[in-house]
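**Student:** Here it is, the structure, as structure tokens.
The values are calculated or read from the model by the stated rules, or taken from the named source; none is laboratory data. Everything numeric here is computed off the predicted structure, so don't read it as measured data. Here the Cβ positions follow ideal geometry from the backbone for every residue, glycine too, while neighbour counts run over all protein chains shown.
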Ligand code: NAD
């Protein structure tokens, strides 16, 4: 293999690579071939301690700098990421199996956007002056302290930056623990931030499974936890963080509705459904996996969708012509196969895909089921794979009620040419990140996050600042103090 995927060491702590082979071995498997491409070790207590000690020391130093100086470091890191986009994208593809066609435009580039955006905001994070009629007060926007980021495996570079950039902009330090399935990319983010001038220890990356994440969450010297992961993990992490009264951001799972009205421009709706189900081989939290199509256009929609699926190029993800790569792991493919079997057994109509190709790698065909009903397992549970469920509806109130009948609330989309209806329907959907005549766009300027079981807090945009800082208020008396005695 021409590209060396083995990192210099498992962890990046206090400005340098750090190894401790006493930790549990984590083999990094290339999803396209099943080969082991790197080995790292889970953080031992000694590594965790080094990350916490250096993180707290660096945070004090970093918070003492002006916002403009901090922002300059983040913006320099953004430039370095963009310069190295190709190399970082190739690594992202080895880590996740996502096609290079995607990683070139959606991962390091998105990470760089976050570093640039929050770098730009860092100098303008101010409090306010409050007139109290003679006396006065002011507020100071202060950092939280040492933040912990815990990542999922689908967007390892992006998640490391979406959490790190606002945290650092606000004057915090971060310890980031990537998913054990994709441990490689975050190390590059740490390297780049260090090269850009971040003080040693400001952004530490340590490896490990849930147990390492759990130790960080319960560590008294940690002030905030931001998790991207599944709802069951979110419940555990939220509860553990509550014990220590820590701030939290929870970016969790979804089973989002994408509603296609009878007046929709069908090719765009089909394009939205493809982006919202098959990008990253379906491993996207905000996916619109319940596609509600008005019954009068069901046949036309399915015919166009089938036609477009002839354009699938599944294969070597490092080949830029490939648009569907493997699932991230054997385990995840097994889960998806189980859901496809359930879809068939519960009576949904298989329209496309459904097969597992022969040969190496964790590939599975993009799959479409029609005639799906609300009670079927594939319409209720997050699959996190390329399985689209098409349901039909007849009227607006009905589809809104059905779309909302889920514990999740991450995203929702509406395709219609009727602008009043578009806003009316979106206004009634209980979801955090919504789309009109589009699906799955996530620019850094817009807040991203869920309602209900899909999460707490928001990433990206100015809203993220609220989740990585806190206000101190100061009352200033100008006259004498009156007291009862
Ligand atoms: P997961 O919940 O299995 O793991 C997420 C992370 O949590 C991993 O790093 C894991 O090691 C860690 N972890 C597990 N148990 C822990 C514990 N008890 N304490 C602390 N940390 C612990 O999720 P996954 O399988 O890696 O990712 C897929 C899930 O992530 C899906 O549900 C998907 O929807 C969700 N996701 C959400 C978003 C979002 O922004 N809303 C983005 C991507 C993925």
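**Student:** Taking the stated definitions as given, is residue 390 at pLDDT 95 or above, surrounded by 23 or more Cβ atoms within 10 Å (Cβ to Cβ) and away from the ligand (no atom under 16 Å from the Cβ)? Let's see the steps before the verdict.
**Tutor:** Values: at pLDDT 95 or above: yes; surrounded by 23 or more Cβ atoms within 10 Å (Cβ to Cβ): yes; away from the ligand (no atom under 16 Å from the Cβ): yes.
Spelling it out, residue 390 is indeed at pLDDT 95 or above, surrounded by 23 or more Cβ atoms within 10 Å (Cβ to Cβ) and away from the ligand (no atom under 16 Å from the Cβ).
**Student:** So, one more: Run residue 205 past the list (1) within 16 Å of the ligand (Cβ to nearest atom); (2) outside the structural domain of residue 51 (by the TED database) and report the number of the one that doesn't hold.
**Tutor:** Condition (2) is where residue 205 drops out.
**Student:** Still on this structure: Considering only region 446-459, state which residues are in contact with a helix residue (DSSP H, G or I) (Cβ under 7 Å, 6 or more places away or on another chain) and in a loop (DSSP other than H, G, I, E, B).
**Tutor:** Hits for region 446-459 are 447, 458.
**Student:** For region 399-415, what are the residues that are part of a loop (DSSP other than H, G, I, E, B) and out of contact with any helix residue (DSSP H, G or I) (no Cβ under 8 Å at 6 or more places or on another chain)? Spell out the reasoning first.
**Tutor:** Initial filter on region 399-415 (part of a loop (DSSP other than H, G, I, E, B)): 405-410.
Once the filter is applied, which keeps residues that are part of a loop (DSSP other than H, G, I, E, B) and out of contact with any helix residue (DSSP H, G or I) (no Cβ under 8 Å at 6 or more places or on another chain), region 399-415 yields only 405.
A quick yes/no check of all residues on (1) within 24 Å of residue 121 (Cα to Cα); (2) part of a loop (DSSP other than H, G, I, E, B):
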residue: 384; (1), (2): no, yes
residue: 397; (1), (2): no, no
residue: 417; (1), (2): no, yes
residue: 421; (1), (2): no, no
residue: 426; (1), (2): no, no
residue: 440; (1), (2): no, yes
residue: 461; (1), (2): yes, yes
residue: 470; (1), (2): yes, no
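**Student:** Being surrounded by fewer than 18 Cβ atoms within 10 Å (Cβ to Cβ), modelled with pLDDT of 95 or more and over 18 Å from residue 174 (Cβ atoms) is the filter here, so list the residues in region 1-19 that pass it.
**Tutor:** Just the residues of region 1-19 that are surrounded by fewer than 18 Cβ atoms within 10 Å (Cβ to Cβ), to begin with: 1-6, 8-9, 16-17, 19.
When the remaining residues are screened for being modelled with pLDDT of 95 or more, the result is 5-6, 8-9, 16-17, 19.
Listed by number, the residues that qualify are 5, 6, 8, 9, 19.
**Student:** May I ask you to list the residues in region 411-460 that are without any contact (Cβ under 8 Å) to a residue 24 or more places away in the chain, within 16 Å of the ligand (Cβ to nearest atom) and more than 22 Å from residue 278 (Cα to Cα)?
**Tutor:** Within region 411-460, 446, 447 meet the criteria.
**Student:** From 362, 408, which residue is within 30 Å of residue 315 (Cβ to Cβ), within 16 Å of the ligand (Cβ to nearest atom), at pLDDT 95 or above and crowded, with 20+ Cβ neighbours inside 10 Å?
**Tutor:** Working: 408 fails: within 30 Å of residue 315 (Cβ to Cβ).
So the residue among 362, 408 that is within 30 Å of residue 315 (Cβ to Cβ), within 16 Å of the ligand (Cβ to nearest atom), at pLDDT 95 or above and crowded, with 20+ Cβ neighbours inside 10 Å is 362.
**Student:** Looking for whichever is in the same structural domain as residue 39 (by the TED database) and under 28 Å from residue 278 (Cβ atoms) here; the options are 150, 192. Which one fits?
**Tutor:** The unique qualifying residue is 150.
**Student:** Here is a check on your reading of the model: is residue 300 more than 16 Å from the ligand (Cβ to nearest atom) and over 19 Å from the mean Cα position of the chain (by Cα)?
**Tutor:** yes
**Student:** A further question on this structure: Between 319, 374, which is modelled with pLDDT of 95 or more, touching a helix residue (DSSP H, G or I) at 6+ places or on another chain (Cβ under 9 Å) and farther than 30 Å from residue 263 by Cβ?
**Tutor:** From the options 319, 374, the qualifying one is 319.
**Student:** Looking only at region 168-184, how many residues end up being within 13 Å of the ligand (Cβ to nearest atom) and over 22 Å from residue 219 (Cβ atoms)? Steps first, answer last, please.
**Tutor:** Keep residues of region 168-184 that are within 13 Å of the ligand (Cβ to nearest atom), which gives 175-183.
Now narrow it down to the ones that are over 22 Å from residue 219 (Cβ atoms): 181-182.
Here the count works out to 2.
**Student:** Moving on to the next point. Scan region 42-92 for residues that are assigned to a loop (DSSP other than H, G, I, E, B) and out of contact with any strand residue (DSSP E or B) (no Cβ under 8 Å at 6 or more places or on another chain) and jot them down.
**Tutor:** The answer is 44, 64, 65, 66, 84.
**Student:** Tell me whether region 294-314 contains one or more residues that are surrounded by fewer than 23 Cβ atoms within 10 Å (Cβ to Cβ), within 20 Å of residue 30 (Cα to Cα) and touching a residue at least 24 places away in the same chain (Cβ under 8 Å).
**Tutor:** Yes - at least one qualifying residue is present in region 294-314.
Per-residue answers, yes or no, for (1) closer than 25 Å to residue 90 by Cβ; (2) within 12 Å of the ligand (Cβ to nearest atom); (3) in a strand (DSSP E or B); (4) without any contact (Cβ under 8 Å) to a residue 60 or more places away in the chain:
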{"residue": "149", "(1), (2), (3), (4)": "yes, yes, yes, no"}
{"residue": "166", "(1), (2), (3), (4)": "no, no, no, no"}
{"residue": "189", "(1), (2), (3), (4)": "yes, no, no, no"}
{"residue": "214", "(1), (2), (3), (4)": "no, yes, no, yes"}
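**Student:** Looking only at region 225-262, count every residue that is closer than 12 Å to residue 456 by Cβ, away from the ligand (no atom under 11 Å from the Cβ) and touching a residue at least 40 places away in the same chain (Cβ under 8 Å) and tell me the total.
**Tutor:** Final tally of qualifying residues: 2.
**Student:** Another question about this same structure. Can you pull out every residue in region 20-34 that is surrounded by 15 or more Cβ atoms within 10 Å (Cβ to Cβ) and farther than 21 Å from residue 51 by Cβ?
**Tutor:** Those that are surrounded by 15 or more Cβ atoms within 10 Å (Cβ to Cβ) and farther than 21 Å from residue 51 by Cβ: 29, 30, 31, 32, 33.
**Student:** Right, next: Applying the selection to region 324-341, what residues are crowded, with 20+ Cβ neighbours inside 10 Å and away from the ligand (no atom under 16 Å from the Cβ)?
**Tutor:** Within region 324-341, 324, 325, 340 qualify.
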